[in-house]
1. Of all residues in the range B:123-172 being hydroxyl-bearing (Ser, Thr, Tyr) and over 21 Å from B:Met101 (Cα atoms), which is nearest to the other protein chains (Cβ to nearest Cβ)?
2. Consider only pairs whose beta carbons are under 6 Å apart and that are at least six residues apart or on different chains; among these, list those whose first residue lies in the range A:79-105 and is without any contact (Cβ under 8 Å) to a residue 40 or more places away in the chain and whose second residue is open to solvent by 90 Å² or more (accessible area, probe 1.4 Å).
3. Of the residues that make up the range B:164-173, is at least one open to solvent by 20 Å² or more (accessible area, probe 1.4 Å) and modelled with pLDDT of 85 or more?
4. Which one is farthest from A:Val60 (Cα to Cα) among residues in the range A:126-140 that are open to solvent by 50 Å² or more (accessible area, probe 1.4 Å) and without any contact (Cβ under 8 Å) to a residue 12 or more places away in the chain?
5. Could you list, in sequence order, the residues of the range A:210-246 that are open to solvent by 30 Å² or more (accessible area, probe 1.4 Å) and more than 14 Å from chain B (Cβ to nearest Cβ)?
6. Could you pull out the residue among A:Ser351, A:Ser379, A:Ser364 that is free of Cβ contacts under 8 Å to residues at least 40 places away in the same chain and either open to solvent by less than 70 Å² (accessible area, probe 1.4 Å) or of a type in the set (S, T, N, Q) (or both)?
7. If we keep just the residues of the range B:192-223 that are closer than 22 Å to B:Ala144 by Cα and within 16 Å of ligand 1 (Cβ to nearest atom), which is surrounded by the fewest Cβ atoms within 10 Å (Cβ to Cβ)?
8. Could you list all residues from the range B:116-133 that are within 23 Å of the chain's Cα centre (by Cα), more than 21 Å from A:Phe13 (Cα to Cα) and among the small types (Gly, Ala, Ser)?
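The values are calculated or read from the model by the stated rules, or taken from the named source; none is laboratory data. Computed from a predicted structure; not experimentally measured. Using ideal geometry, Cβ is built from the backbone for each residue, glycine included, and neighbour counts are taken over all protein chains shown. Accessible surface areas use protein heavy atoms only, side chains included; no ligands, DNA or RNA. Shrake-Rupley method; radii C 1.70, N 1.55, O 1.52, S 1.80 Å.
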Amino acid sequence: MNKTILIAKKELFRIFSDRKMIFSLYILPVIIVVAIYSIMGQLIGSMSKDIEEHNAVITVVNPTDELKDIISSSEMGKNADITFVTEDEYNSKKAEIEDGILNGDSDLIVYLDKDFGTVADSYVAGGDSLPSMKIYYNSTENYSSASYSNFGSEVVDTYKTTLLDSRYGDLSMLNAFNVDSQVICKEEKANMEFLAMMLPYMVVMMLFAGVMSVGVDAIAGEKERGTLSSMLISPVKRSEIVAGKLIAMAILSIISAVVYCVAMILSIPNITGGAGNMGAGNISFTVGQMLQLVAIMVVLVYFYVGVIGLIATLSPNTRAASSAISPIYIVIIILGMMTMFRTGGTNSIGSYFIPVYGSALAISDLCNLELTSVNFLASVLGTLACGIILTFVVAKAFNSEKLMFNA
Amino acid sequence: MLELKNISYDVEDNKEILKDINLKIDGGFVAITGPNGGGKSTLAKVIAGIIKPTSGQIILDGEDITDLNITERAKKGISFAFQTPVKFKGLTVKDLLKLSMGKNASFNEECNILSSVGLCARDYINREVNASLSGGELKRIEIAMILARGTKLSIFDEPEAGIDLWSFNSLIKVFEHMRETVKGTIVIISHQERILNTADRIIVLKEGRLIKEGARDEIYGELLDGVDSGVCNRLEENI
Ligand SMILES: Nc1ncnc2c1ncn2[C@@H]1O[C@H](COP(=O)(O)OP(=O)(O)OP(=O)(O)O)[C@@H](O)[C@H]1O
Ligand SMILES: [Mg+2]
């Protein structure tokens, strides 16, 4: 045990006394994370600014006087290019207007039933039937989608409130218990969604890169330089050497995991700040969630240490090790990306047992506040089990003179 | 006592690197010499357990150790110093001694070991074993590690390699000192006349065969007489 600590100490010392190593292991990744997030923030920011500056093109069919008033007094009414048409005019140009929506020349069609005014009046007077309004927009067009949501919040909601107001009198009581909390929820959800998309990928990829830069040199590099041979000739048990090296690799990688996460969470405001109306909401993990995240990362690091330890042990030198690791790195990146573009739906528990992929799923769920404890356990146990098996294989490989001395 | 029985070592393309070596080494200071490519390093690796002989047996103190791996042999008391000394970035001299002895040493013990290789413990004990040490210092530290282990069979592969004349002189003194103090067997692979001169026995390997073996005086005389031109040419180059 004593010797294991000595060997682990040696590995740690080797890294921390090397400025280049510290830079590539801890500083460079942080710079990359912050840069990626800032660039994405800029892009999203300029996109939403562009949408804000765009003058919406809207056609309103059968407008009531009240609606016209509301539109002209709203923010939209000042900037948007709004055409009011009657039912007959609309029918005669229907194809043309709808094409406009399709190809993006026009953003919104607001269609009020012919008898909207009458029905609305009778509703205000206490009638049962509701007036009906249809809104057509193109969800694949950013301008159109933005117009839809702006029109909804600035005009439709106001109109609705006006009608309800006239029917029931004072609505302040109704308003009192919903609006505020809803807005906050929305912002946090938006931030969390973004985090949910990026975090699994970042964690899965960056952790691997960290272990890779340390592990290859610690085993294959030492082999190449002959240090490992000399070490094996001393009466130190091989299992102690293996343990010392793997422990050091894990410690270094966990430090990098923490560094990345902190960098990532700190740079979230960059992106949400730039995103304008998404708002600079705050990401808040509870302590429990933090612990889960740490557990997932620690186990994942252990698995990576096993994978890279094994490859480095089987390879005669660092070059062979690096080239054997590259394809695995690509697989890891793909696994991380797969969770990035996951479209809803729940994954079966079996997929959480798959190392790396299961961890990425769990982190993604964690950010979406959807991680069940069963799935959490599955991801941790699956990865842990594979890590343990790999550790045994590495220890076994260390006992082969052929592998250790390239004889 | 180490005994080699019919040791042969072949590589894939039917090349025989060691051919039927029979040898008994029983204490004292033994030098192995011979021309480049004669099989000296290979023989040393076979004894240490880094490579397995294709056929033959290795007996240490009556026990067959042919199938033991290097770490098991190390525990039985065989130590081996590679032809080129290695650096242990991140480990201090003290750490290395600790690894070799398998326990924490008192400063006195450390001091004794280091001074027997001509190093002052106070100056070196906390030095990191990295490129800042000179080649001669590294070599001495490596020898100190083997002394610290106090093994019954210590094998050095060309300990003089890469050592300047000054360091070489003190290295010779270290070996002479070792010869007087160490009870076990010391095997040194060397081309150097002065090292051969300190040996009790000399073994000559050529083209994978053991061509001569005996007390220093008889073998050494023959070597200088030029009976074996290959070895002699090699020796003269070095002298
Ligand atoms: N794995 C191997 N495959 C092929 N040839 C080998 C292998 N190992 C050693 N040899 C060959 O065996 C011969 C003996 O090598 P060895 O290293 O034992 O020589 P040596 O006596 O130590 O020489 P030197 O004085 O140069 O150190 C050489 O010709 C070498 O090329
Ligand atoms: Mg040699």
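1. Just the residues of the range B:123-172 that are hydroxyl-bearing (Ser, Thr, Tyr), to begin with: B:124, B:132, B:134, B:151, B:154, B:167, B:170.
If we keep only those that are over 21 Å from B:Met101 (Cα atoms) too, we end up with B:132, B:134, B:167, B:170.
On the way: B:Ser132: 12, B:Ser134: 18, B:Ser167: 20, B:Ser170: 22 Å.
Restricting to residues being hydroxyl-bearing (Ser, Thr, Tyr) and over 21 Å from B:Met101 (Cα atoms), the top hit is B:Ser132.
2. Note: pairs meeting the criteria are A:Glu87/A:Lys114.
3. Looking through the range B:164-173, none of the residues is open to solvent by 20 Å² or more (accessible area, probe 1.4 Å) and modelled with pLDDT of 85 or more.
4. Among them, the one singled out is A:Asp128.
5. Those that are open to solvent by 30 Å² or more (accessible area, probe 1.4 Å) and more than 14 Å from chain B (Cβ to nearest Cβ): A:Met212, A:Ser213, A:Ala243.
6. Numbers: A:Ser379 fails: free of Cβ contacts under 8 Å to residues at least 40 places away in the same chain; A:Ser364 fails: free of Cβ contacts under 8 Å to residues at least 40 places away in the same chain.
The conditions single out A:Ser351.
7. Result: B:Leu196.
8. First, pick out the residues of the range B:116-133 that are within 23 Å of the chain's Cα centre (by Cα): B:116-119, B:129-131, B:133.
In the following step, the residues that additionally are more than 21 Å from A:Phe13 (Cα to Cα) were identified as B:116-119.
Within the range B:116-133, B:Ser116, B:Gly118 meet the criteria.
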